[in-house]
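Accompanying notes for the structure given below.
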Amino acid sequence: MRVGSERRGRSFASGIAVAALASLLIAAPPAHSSPAVSRDTETVAGWVRTTGDNQGTPFAIVDKKAAAVHIFDADGKRRASSPILLGLAKGDHSVPGIGERQMADIRDDERTTPAGRFVSEPGRNLSGEDIVWVDYDAAVSMHRVRATKKAERRLERLATPTPADNRISYGCINVPAAFYDAHVKPSFGTAKAVIYVLPETRPASTLFETPTAQAR
C-alpha cells in the first residue's frame, strides 16, 4: 500500500495532525495562463455532451500530453482549466497491485497516471486530507499539490509555461491548492462524478467511443 503524500487509506494512521498538514498545502505561484484546450479534449468533451456519458454529473478531462485538467459542469460547459502534475513515467496503465505497495518499492518506470474513464468519488487519505479518488484500486487520486519535498520543485513545475517538467508524482493528479478548492472540491468533493484521462501512448479514440472511434 502506498504511503506518504499519495497513499490511499481507510483509517487515520499518520502522526501528522490535520492542522499541521494544512500548513504544508501551499498554493502554487500565480499561473502564467489557462491551458489551451487540445483537439482531443474538444472531441471527448463533445462526445460526452452528445451521448450523456457523464450521466448528469460534472466531469473532468485530464490531458496528460498537455499536463492540464479541464473542469466541466453537468451540461458539458467548461468552467475552469489548470496545469497539473502527473506520474513521473509515461504510460496509460497502472502496474497490477501497485495500490497495495509501499512507495519506496515502486520503480520510476512504474509511476504512471492511468488513462480511461473513471467514476470518481470523494475521500480522505491517511492524513485526513480531503481528496478525490480517480482509481481507488491503483491508489490514484486528484489532490492539492504538496510542497513537502523542496527538491521536487512541484510548485515551480506547475508555474512553468510548458508541460515538459510536469511529470513528478507517483501517479496522482496534483492541482494547485487554490484551483482544487475553487473548482475540484465543489464539483467532485461531495458526490460521485466522472473523470476522463486521455491516453498519451495511443489515440484517444481507442478508449472513448468518439466519432473517430465509431468510424473505424
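Considering the range 55-88 alone, what residues qualify as being in a loop (DSSP other than H, G, I, E, B) and open to solvent by less than 10 Å² (accessible area, probe 1.4 Å)?
Lys64, Ala67, Gly76, Ile84
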- request: Search the range 28-52 for residues that are surrounded by fewer than 19 Cβ atoms within 10 Å (Cβ to Cβ) and pair each with any residue that is assigned to a helix (DSSP H, G or I) and at pLDDT 95 or above when their beta-carbon atoms are under 9 Å apart and the residues are at least 6 apart or on different chains.
  value: Ala31/Phe179; Val37/Ala45
- request: Take the residues in the range 93-144 that are in contact with a Pro (Cβ under 8 Å, 6 or more places away or on another chain) and assigned to a loop (DSSP other than H, G, I, E, B), then tell me which one is modelled with the highest pLDDT.
  value: Ala115
query: Being at pLDDT below 95 and either among the hydrophobic types (A, V, I, L, M, F, W, C) or within 14 Å of the chain's Cα centre (by Cα) (or both), is that true of even one residue in the range 179-196?
result: no
- prompt: Which one of these is of a type outside the set (D, E, K, R) and on the phi < 0 side of the Ramachandran plot: Gly91, Gly97, Gly87?
  reply: Gly87
Odd one out for Thr148, checked against (1) at pLDDT below 95; (2) β-branched (Val, Ile, Thr); (3) part of a strand (DSSP E or B): (3)
query: Listed residues Arg154, Arg101, Arg78, Arg117; which is closer than 15 Å to Tyr196 by Cβ, among the charged types (D, E, K, R) and over 14 Å from the mean Cα position of the chain (by Cα)?
result: Arg78
statement: Flagged in the range 159-188 as part of a strand (DSSP E or B), open to solvent by 10 Å² or more (accessible area, probe 1.4 Å) and among the β-branched types (Val, Ile, Thr), in numbering order, are Ile168
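The values are calculated or read from the model by the stated rules, or taken from the named source; none is laboratory data. Everything numeric in this text was worked out from a predicted model, so none of it was measured. When we count neighbours, we look across all protein chains shown, and the Cβ atoms used for this are built from the backbone with ideal geometry, even at glycine. Just the protein is used for accessible areas: all its heavy atoms, side chains included, with ligands, DNA and RNA removed. Shrake-Rupley method; radii C 1.70, N 1.55, O 1.52, S 1.80 Å.
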